[in-house]
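> Take this structure first; my questions come after.
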Amino acid sequence: MVRSSSSRINKYEAKIVGDVVKNRIDAQKTFMVDQAKDRFDELVGKEEAVNSKIEAWGVHSIQKPFYLSYGRKLYGLGRKHSGDTLIEEACIATKAFVDRGLDPYYLMTIAQDVFSIDVSACTA
């Protein structure tokens, strides 16, 4: 049986009541914060590694946020993908950041040294 749109609207409206949403978040808040803390610690370590590399290379300060953004992108991809899919997605990201004017060698080195992702085939 197909439900009417008014039935769907009523169910959706009941679901988004502020108290209901607040209670769900309150019930899961500790668990959510614990999970986020672990990931934030990992991400900070990766960002510090990227930052030390770009500092050593003498990258201009105006470009630093973009290299850090590239690192965050690779971190996210590594959390979602693995194997050939990860490499393909990393290559797409690398090309996008090269197109934004970042140095392909620096990007390749960050991917390899910090994230253990080989994007050399797509930076050549």
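The values are calculated or read from the model by the stated rules, or taken from the named source; none is laboratory data. Small disclaimer: the values here were computed from a predicted structure and weren't measured. Here the Cβ is made from the backbone with ideal geometry for all residues, glycine too, and neighbour counts use every protein chain on show.
> For Ser69, indicate whether it is among the polar types (S, T, N, Q), farther than 26 Å from Gln35 by Cα and modelled with pLDDT of 95 or more.
Here the answer is no, as Ser69 does not meet what is asked.
> Just to be sure, is Lys73 basic (Lys, Arg) and within 25 Å of the chain's Cα centre (by Cα)?
Yes: the conditions hold for Lys73.
> Where in segment 1-101 are the helices (runs of 4 or more DSSP H), entirely inside, with at least 2 residues that are free of Cβ contacts under 8 Å to residues at least 40 places away in the same chain, loosely packed, with under 12 Cβ neighbours inside 10 Å and of a type in the set (S, T, N, Q)?
5-15, 18-57
Yes or no, residue by residue, for (1) over 15 Å from Cys122 (Cα atoms); (2) touching a Gly at 6+ places or on another chain (Cβ under 6 Å):
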{"residue": "Glu42", "(1), (2)": "yes, no"}
{"residue": "Val50", "(1), (2)": "yes, yes"}
{"residue": "Lys53", "(1), (2)": "yes, no"}
{"residue": "Ile62", "(1), (2)": "yes, no"}
{"residue": "Lys80", "(1), (2)": "yes, no"}
{"residue": "Glu89", "(1), (2)": "no, no"}
{"residue": "Ile92", "(1), (2)": "no, no"}
{"residue": "Leu107", "(1), (2)": "no, no"}
{"residue": "Ala111", "(1), (2)": "no, no"}
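> Could you list, in sequence order, the residues of segment 15-35 that are within 27 Å of the chain's Cα centre (by Cα) and hydrophobic (A, V, I, L, M, F, W, C)?
Val21, Ile25, Ala27, Phe31, Met32, Val33
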